[in-house]
């Protein structure tokens with residue numbers, strides 16, 4: 001990719017967009033990827049489509065919260081602009097932008113909820129959401145499994161996911177053993 | 001000596017801001033393809049900083065607010081013990097080291113991206129992560145036995161949520177807003193004023 005040029009107003013523009021995206025990121029930053037794609041790839045050509053997809057895939061695979069795909073995109077934008085200094089600036093701009101509004105709001109909400117925890121409405125909200133949260137977790141697992149194993153040909157992946165789920169549910173085996181087993185099975189192309 | 005199953009002894013807490021920071025760093029580094037299942041395993045089952053009920057309740061807060069649920073959850077847990085500094089320590093723990101690591105990975109990514117073994121290993125770990133997160137949901141379903149709503153209703157709502165999200169692929173926002181609100185109203189009516 002040829003070197004791109006980002007002016008200070010471009011960096012500010014990027015920061016402003018990420019501040020707004022943060023406020024819209026109910027369900028995680030991943031829910032705003034369409035908007036990020038529009039901004040970074042289609043509108044400004046700061047990233048190639050391949051770089052955009054790689055950032056998401058790498059963040060999914062690497063340890064740590066998936067939101068770090070945002071940092072990777074900032075890093076790549078900076079590298080495309082031609083220097084490691086710009087890459088560090090890119091990480092700082094995108095991560096601060098995506099984190100600042102949502103964490104501030106969550107902090108204030110959690111403090112308010114904690115101060116008013118005896119209120120009937122607060123108890124009803126926190127407890128009332130529990131069944132939906134349980135359903136959401138199970139759904140996330142199923143959707144993740146479907147993404148990596150979309151057809152019946154991939155049944156060994158489903159079997160592995162199911163086996164891992166049962167082991168975690170019924171035993172206290174350390175998670176790293178299971179992840180290690182998954183990695184070994186995959187390395188030898190058994191799943 | 002206090003017996004192991006003494007409920008008073010069951011409640012533990014982070015000792016310091018450094019404890020929070022390092023605990024969350026270690027959690028984050030174990031989360032390949034999602035950290036939530038690791039948080040539940042470590043903080044509820046091993047460290048016992050939270051009961052399953054508290055975990056589910058704090059997760060509800062973390063989920064309905066904008067931002068990544070696991071990042072919000074770490075912040076809420078940190079704030080619960082040490083206020084603003086605790087929130088910052090937990091957040092930094094969740095993000096700082098994984099951020100450096102992922103940039104290091106991005107730098108070498110080009111060299112191993114096409115390696116069949118590496119791609120296979122990532123695929124295997126992703127499948128384990130999928131099982132992990134679903135199992136977390138199944139385990140937390142156990143805490144619905146102590147929910148104000150009857151167990152059958154609570155489990156029914158959870159199953160309907162799965163159908164809406166997996167089968168109909170409805171956006172999470174609608175399910176939290178619709179089914180969640182309905183469930184909150186029903187719970188409200190069962191609680192003592």
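The values are calculated or read from the model by the stated rules, or taken from the named source; none is laboratory data. None of these values were measured; they are calculated from a predicted model. We place every Cβ from the backbone using ideal geometry, glycine too, and count neighbours over all the protein chains shown.
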| segment A:41-54: number of residues that are over 13 Å from residue A:71 (Cα atoms) and in a helix (DSSP H, G or I) | 6
| message | So residue A:122 ticks every box in (1) under 25 Å from the mean Cα position of the chain (by Cα); (2) farther than 17 Å from residue B:35 by Cα but one. Which box is left unticked? | response | (1)
| said: Name the residue that is surrounded by the fewest Cβ atoms within 10 Å (Cβ to Cβ), counting only residues in segment A:55-65 that are at the interface with chain B (Cβ under 7 Å from one of its Cβ atoms) and in a helix (DSSP H, G or I). | reply: A:58
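Criterion first (surrounded by fewer than 18 Cβ atoms within 10 Å (Cβ to Cβ), more than 7 Å from chain A (Cβ to nearest Cβ) and either at pLDDT 90 or above or farther than 27 Å from residue A:24 by Cα (or both)) does residue B:89 satisfy it? Show your work before the answer.
Details: surrounded by fewer than 18 Cβ atoms within 10 Å (Cβ to Cβ): no; more than 7 Å from chain A (Cβ to nearest Cβ): yes; either at pLDDT 90 or above or farther than 27 Å from residue A:24 by Cα (or both): yes.
The answer is no for residue B:89.
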| message | Could you go through segment A:103-124 and let me know if any residue there is at the interface with chain B (Cβ under 7 Å from one of its Cβ atoms), in contact with a strand residue (DSSP E or B) (Cβ under 7 Å, 6 or more places away or on another chain) and part of a helix (DSSP H, G or I). | response | yes
| said: With the structure loaded, tell me whether residue A:161 is within 7 Å of chain B (Cβ to nearest Cβ) and modelled with pLDDT of 90 or more or whether it fails that test. | reply: yes
| Is it the case that residue A:84 is closer than 25 Å to residue B:100 by Cβ, surrounded by fewer than 14 Cβ atoms within 10 Å (Cβ to Cβ) and without any contact (Cβ under 8 Å) to a residue 12 or more places away in the chain? | yes
| task | Name, by its number, the condition in (1) within 18 Å of residue B:38 (Cα to Cα); (2) within 19 Å of the chain's Cα centre (by Cα) that does not hold for residue B:144. | result | (1)
| Subset tally (residues that are outside any helix (DSSP H, G or I) and more than 21 Å from residue B:72 (Cα to Cα)) for segment A:1-31 | 7
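More than 9 Å from chain A (Cβ to nearest Cβ) and under 25 Å from residue A:187 (Cβ atoms): is that true of residue B:126 in this structure?
Numbers: more than 9 Å from chain A (Cβ to nearest Cβ): no; under 25 Å from residue A:187 (Cβ atoms): yes.
No.
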| said: Just to be sure before I move on: is residue A:149 more than 9 Å from chain B (Cβ to nearest Cβ), under 30 Å from residue A:32 (Cβ atoms) and either more than 23 Å from the chain's Cα centre (by Cα) or crowded, with 21+ Cβ neighbours inside 10 Å (or both) in the structure I sent? | reply: no
| Looking at segment B:164-186, which of its residues are loosely packed, with under 14 Cβ neighbours inside 10 Å, farther than 23 Å from residue A:122 by Cβ and at pLDDT 90 or above? | B:167, B:168
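Condition check ((1) surrounded by 23 or more Cβ atoms within 10 Å (Cβ to Cβ); (2) under 12 Å from the mean Cα position of the chain (by Cα); (3) more than 10 Å from chain A (Cβ to nearest Cβ); (4) at pLDDT 95 or above) across all residues:
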| residue | (1), (2), (3), (4) |
| --- | --- |
| B:8 | no, no, yes, no |
| B:22 | no, no, yes, yes |
| B:25 | no, no, no, yes |
| B:41 | no, yes, no, no |
| B:52 | no, yes, no, no |
| request: Name, by its number, the condition in (1) modelled with pLDDT under 90; (2) within 7 Å of chain A (Cβ to nearest Cβ) that does not hold for residue B:113. | output: (2)
